[in-house]
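Here the structure is laid out as structure tokens; the discussion comes afterwards.
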Amino acid sequence: MLYSGLFLTFASGFVFVHCFSLRFTLAEKTGLAFPLGMALECFLMLFLDQAGIPLTPVPLLTVQTLLLAGLCAFVYFYRTNALKSLWASVSRPSLKGINLVWLLFILATAYMEYMNLSKCLYFPPSDGDSLAGFETIGYILAQEHTLKGLSIFDASYMPGIHGPASYITYAPFVQLSYAYVYALGAETSKVIPGLMYLFFLLAFYGATSRVAGRTGAAVATFFMLLTPEMLGFSSLSMTNNMHAVFASLSVIYLSLWFTKREKKDLLLCGVLLGGNILCRTEGIVFIGSVLLLLFIDAFRSKQYKGFLQASLFALVPLLVWTLYTKLNGLYAESIAITHLFWDAEKAGIITSYMWMLYNNTLYYGWSFVVFLIAFLANLWFLIRRRDSLGLLLAIGLSSLFYILILYQIDYKWDTIDNVLSYSAKRFMFCFIPMLWYFSVTNHAVKSLFLKLERFLAHTSLRDAK
């Protein structure tokens, strides 16, 4: 049953991408398939649970099968030549842009990810945060077949369950995805973080290759994979890397929308924003920054349809989860300070910690350093052509909104130093793929990679003759 469930998850996500367009690259379609398929399944699990249907294998596989059938019907009737297009992309993959440099980076990436995936699947969940929250909730949920009526959510059994920052209010993606595989017979939940990161690398490569070419995308994917702290956490059961999948890709597809103005990218951006908020509540910062930029763009062009559609995809999961928690009494003591105030000491602490994170090569390797070099190299094109302006604004606004959230939090459950040292450190994973995407897709660097590809292609052709 486990393999059947994972296949249905992948197939649902794969067909779901085709609902927006047939013209995504095969790498994008494949890479996005598992994260989006899992997000759809978790979203439907909330409705099953609210309707009183137990989250057991039969209902889970049935609703996934019905979802897949509905998506296939939509693609068949509303996407002309869908099967022909799919067969062409699979049977005749484009070899343009393949060269020795590309091959070396792809092989290195594949080997590194093979070792990382093996480590992830071999070791059972062990990190404290997962065992205290995500992993435990997912396991118990699979035994009790419900989230809203979970025994550990009973205040008489767990007196502190409604305390500040309680896991009762955690966004549901990770817990539900773990419950999904446990219910289908998995011995551990590690297949979820393992596959999420594996498919994410492929999706990142596919999206980046549309702008920087295959060689630039291969280089960016390899060095993003080598980000020390992010790579380490990719084999753990925590939620941060999985959140980074949705958050970073949503901003990347926003950038693709601003660059190419293809509606498929705008809609996919909205869907990924919805997955982002299902994964972590802090994902609201990406929804706020992206929708603000899209609204400004829509206001200037007087075309609001695309903005409204993307907003719908982004906000519906948030509204559904909020309504679900209200209906089922899943609440915790608020940690938000809802009025404006000024605390110079608190602001200073947050500023110093964030600056430390931006400069920390031990955590993030050369991600921020390379980003800064690429930014300076592209400064002329940014000023004259507004090159990559939307991407830079999204990164900047998301960072600013996150700092404001940190400032408006009342740290009742832990010290501000601990939160900034550990939680904020992991939240920064969301920005690492964006930084590497910018570093190879800005005009100055992109031009170099495209020239390199043409040179290598010409050299190969000359040697062949």
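The values are calculated or read from the model by the stated rules, or taken from the named source; none is laboratory data. Computed from a predicted model, the values in this text were never measured in an experiment. Heads up, the Cβs are rebuilt from the backbone with ideal geometry, glycines too, and the neighbour counts pull from every protein chain shown. Surface areas here come from the heavy atoms of the whole protein model, side chains and all, with no ligands, DNA or RNA. Shrake-Rupley method; radii C 1.70, N 1.55, O 1.52, S 1.80 Å.
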- Message: If I ignore ligands, DNA and RNA and count only protein heavy atoms, how much of T351 is accessible to a 1.4 Å probe, in Å² to the nearest 10?
- Response: 90 Å²
- Row for the range 341-465, column shape: gyration tensor on C-alpha, a ≥ b ≥ c, rounded if a/c < 1.5 i.e. under 1.5, prolate if a/b over b/c, else oblate; value prolate
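What does the extension gain come out to for T56 and L312, with contour length at 0.36 nm per residue minus their alpha carbon separation? Intermediate values should be presented prior to the final figure.
Details: separation 256, 0.36 × 256 = 92.16 nm, distance 2.99 nm.
Result: 89.2 nm gained on full extension.
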- Task: Over the residues of the range 340-382, compute the C-alpha Rg and express it relative to 2.2 N^0.38 Å.
- Result: 1.60
- Query: For the range 2-456, with only Lys/Arg (+1) and Asp/Glu (-1) charged at the beta-carbon, what is the dipole magnitude about the Cα centre, in debye rounded to 20?
  - Reply: 2280 debye
- Quote the accessible area belonging to T25 in square angstrom, nearest 10, computed with a 1.4 Å probe and with ligands, DNA and RNA left uncounted. 50 Å²
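With the Cα gyration tensor of the range 6-75 in hand, give its eigenvalues times 5 under a square root as the equivalent ellipsoid semi-axes, listed largest first in whole angstrom. Before the final figure, lay out the partial values.
Numbers: eigenvalues 112, 25, 17 Å².
Values for the range 6-75, descending: 24, 11, 9 Å.
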- Step through the residues of the range 44-60 one at a time and calculate ³J(HN,Hα) from phi using the Karplus curve (6.51 cos²θ - 1.76 cosθ + 1.60, θ = phi - 60°), rounding each to whole Hz and writing x for Gly and Pro. 6, 4, 5, 5, 4, 5, 5, 7, x, 8, x, 8, 10, x, 4, x, 5
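Suppose accessible area is computed on protein heavy atoms with a 1.4 Å probe; arrange F14, F286 from highest to lowest.
Order by accessible area, largest first: F14, F286.
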- Per-residue accessible area, 1.4 Å probe, largest first, puts R385, R214 in the order R385, R214
- Item | Environment charge of L406, counting only residues whose C-beta is closer than 13 Å and scoring Lys/Arg +1, Asp/Glu -1 | -3
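Using the Cα centre of the range 322-431 as the reference point, and only Cβ charges (+1 on K/R, -1 on D/E), how large is the resulting charge dipole? Debye, rounded to the nearest 20. Walk me through the numbers before you get to the answer.
Numbers: 8 positive and 7 negative charges, 100 e Å.
It comes to approximately 480 debye.
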- Go through Y304, F375, I350 and say which Cα lies farthest out towards the positive end of the charge dipole of the range 302-410; charges sit on Cβ, +1 for Lys and Arg, -1 for Asp and Glu. Y304
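Which whole-number percentage describes the relative contact order of the range 360-463, with Cα contacts under 8 Å and a sequence gap of 6 or more?
51 percent
Viscosity 1.306 mPa s, temperature 10 °C: give me the Stokes-Einstein translational D for the range 227-315 in µm²/s, with Rh taken as the Kirkwood radius over C-alpha pairs. Walk me through the numbers before you get to the answer.
Working: Rh = 13.3 Å.
After rounding, the answer is 119 µm²/s.
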- the range 330-340 - phi-based ³J(HN,Hα) in whole Hz, Karplus 6.51/-1.76/1.60, Gly and Pro as x: 8, 9, 9, 4, 5, 10, 8, 8, 8, 10, 6
- Query: What percent does the relative contact order of the chain come to when contacts are Cα pairs within less than 8 Å and at least six residues apart?
  - Reply: 20 percent
- Query: Karplus couplings for the range 300-313 from phi (6.51 cos²θ - 1.76 cosθ + 1.60, θ = phi - 60°), rounded to Hz, Gly and Pro as x?
  - Reply: 5, 8, 6, 10, 9, 4, x, 4, 5, 5, 4, 5, 4, 4
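Rounded to the nearest 500, what is the chain's calculated 222 nm mean residue ellipticity when only DSSP H runs of at least 4 contribute -39500 (n - 2.57) each, over all residues?
On the way: 22 runs with 339 residues, N = 465.
So the helix-based figure for the chain works out to -24000 deg cm²/dmol.
If you wrap a convex hull around the alpha carbons of the range 233-280, what volume per residue comes out, as a whole number of Å³? Mind showing how you got there, number by number?
Working: hull volume 2.8 nm³, N = 48.
Each residue corresponds to 59 Å³ of Cα convex hull volume.
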- Query: In the full protein assembly as shown, how much of R261 is accessible to a 1.4 Å probe, in Å² to the nearest 10?
  - Reply: 110 Å²
- Message: Over the chain, what portion of Cα pair distances is larger than 41 Å, expressed as a whole percent?
- Response: 15 percent
- Query: Ranked from the most accessible area to the least, with a 1.4 Å probe and all protein chains present, what is the order of F123, F401?
  - Reply: F123, F401
